[in-house]
Amino acid sequence: MIRAVLLVLLCSITPFAAVALDSHKKYTIAFAQDTLDNDFRLAQVTGVRNALSKYPNIHFVYSNAKASTALQIKQIEDFIYQGVDLLITSPYNEIATTDVVAKAYKSGIPVIMLDRSVRGNDYTVYIHPDNKKIARDAAEFLAKQLHYKGTVLLLKGVPSTDSTRKRTEGFYEIMQQYPQINVLEYTANYLRRDALIGVDKLLKQGRHFDAIMSQSDSMLIGARIALNDHGIDPSSLVSVGIDYIKPARCAIRSGRQTSSFLYALGAKESADIAMKILAGEPVPKEIILESLQVTRDNADVIEPIF
């Protein structure tokens with residue numbers, strides 16, 4: 001019921017074409033991103049920038065923490081010192097970044113948590129899909145495809161983020177119900193390169209798995225490359241990813257990937273909410289973005305996020 005209300009709230013606050021700001025004032029919106037080496041994170045920054053480009057009095061800046069918690073904290077400190085009008089961030093570490101985000105918020109800078117959050121409630125609004133529900137739905141689908149027995153390789157994202165934590169918790173909440181399914185874990189940090197290296201290493205060790213649950217489609221791309229290098233047809237495994245990017249759509253259409261879960265960037269929503277905040281209008285504390293499961297049955301009608 002809460003989720004439904006939040007989705008209704010989201011619908012009720014868009015679009016924002018009529019938002020009016022002081023035309024004589026320049027506003028600076030900063031995005032402290034955790035890394036730009038990840039396609040999803042880069043697409044978020046690009047999406048926010050493009051959505052804000054229609055507002056002539058908005059100056060958009062961003063930073064690249066290069067997957068470094070210390071650097072991201074420093075960059076947020078710099079934005080606080082510069083006196084930006086609004087901060088958007090996706091924390092690399094949900095615990096370590098809590099204090100600096102709270103510092104920005106308590107100093108009077110509105111803070112939008114995009115996709116990832118921190119501990120506590122010292123921020124303005126948290127915009128995100130429901131990671132735990134997605135993981136539960138993905139795990140249930142995967143278990144059914146395996147007829148509730150076999151070995152699953154779980155490719156995990158960045159361990160210090162709340163999105164990875166929730167996706168992992170949701171996955172195991174379902175898998176613990178099926179004792180004949182064994183889980184093999186590998187942390188690949190949401191990067192295809194790390195997944196390629198990891199799956200290659202596991203296969204060289206003689207590890208066997210019947211399915212892959214990847215917490216991002218990018219990692220699943222790397223896994224497929226490794227499987228091909230070892231002479232294993234990716235279509236012989238059940239494989240489920242999250243994000244639903246263009247390569248995932250191609251792989252699903254060809255049968256090399258079983259399913260993906262659309263994971264909205266939240267870029268346009270963040271830009272729209274930012275304009276509403278700057279205009280002094282109220283916003284909800286949390287906005288949950290809807291997700292959809294994609295299979296061969298609907299891949300032709302659901303557009304990838306990028």
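Here are a few things to note about the model shown:
- Qualifying residue in the range 243-261 (condition: assigned to a loop (DSSP other than H, G, I, E, B) and either under 30 Å from residue 85 (Cβ atoms) or among the hydroxyl-bearing types (Ser, Thr, Tyr) (or both)): yes
- Residues (on the phi > 0 side of the Ramachandran plot and touching a Phe, Trp or Tyr at 6+ places or on another chain (Cβ under 6 Å)) located in the range 148-183: 148
- In the range 81-100, the residues that are in contact (Cβ under 8 Å) with a residue 24 or more places away in the chain and closer than 13 Å to residue 158 by Cα form Cβ pairs under 9 Å with partners that are surrounded by fewer than 21 Cβ atoms within 10 Å (Cβ to Cβ) and among the hydrophobic types (A, V, I, L, M, F, W, C), at six or more places apart or across chains, as follows: 92/67; 92/71.
- When the range 35-72 is filtered for residues that are part of a helix (DSSP H, G or I) and touching a Lys or Arg at 6+ places or on another chain (Cβ under 6 Å), only 51 remains.
- Residue match in the range 76-98 (condition: over 25 Å from residue 305 (Cα atoms), among the acidic types (Asp, Glu), at pLDDT below 95 and more than 17 Å from the chain's Cα centre (by Cα)): no
- Residue check for residue 207: modelled with pLDDT of 95 or more, outside the structural domain of residue 37 (by TED's automatic domain parsing) and over 16 Å from residue 137 (Cβ atoms): yes
- Filter result (out of contact with any Lys or Arg (no Cβ under 8 Å at 6 or more places or on another chain) and part of a strand (DSSP E or B)) within the range 100-134: 111, 112, 113, 114, 127, 129
- In the range 158-184, residue surrounded by the fewest Cβ atoms within 10 Å (Cβ to Cβ) [restricted to those that are among the β-branched types (Val, Ile, Thr) and within 15 Å of residue 137 (Cα to Cα)]: 174
- Annotation for the range 226-238: at least one member residue is in contact with a Lys or Arg (Cβ under 6 Å, 6 or more places away or on another chain) and surrounded by fewer than 17 Cβ atoms within 10 Å (Cβ to Cβ).
Okay, residues lined up against (1) more than 16 Å from the chain's Cα centre (by Cα); (2) of a type in the set (A, V, I, L, M); (3) in the same structural domain as residue 171 (by TED's automatic domain parsing):
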| residue | (1), (2), (3) |
| --- | --- |
| 203 | yes, yes, yes |
| 211 | yes, yes, yes |
| 221 | yes, yes, yes |
| 228 | yes, no, yes |
| 249 | yes, no, yes |
| 254 | yes, no, yes |
| 269 | no, no, no |
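- Filtering the range 182-196 to residues that are over 8 Å from residue 222 (Cα atoms) and either among the small types (Gly, Ala, Ser) or assigned to a helix (DSSP H, G or I) (or both) leaves only 188.
The values are calculated or read from the model by the stated rules, or taken from the named source; none is laboratory data. None of these values were measured; they are calculated from a predicted model. All Cβ positions, even for glycine, are placed from backbone atoms using ideal geometry, and neighbour counts span all protein chains on display.
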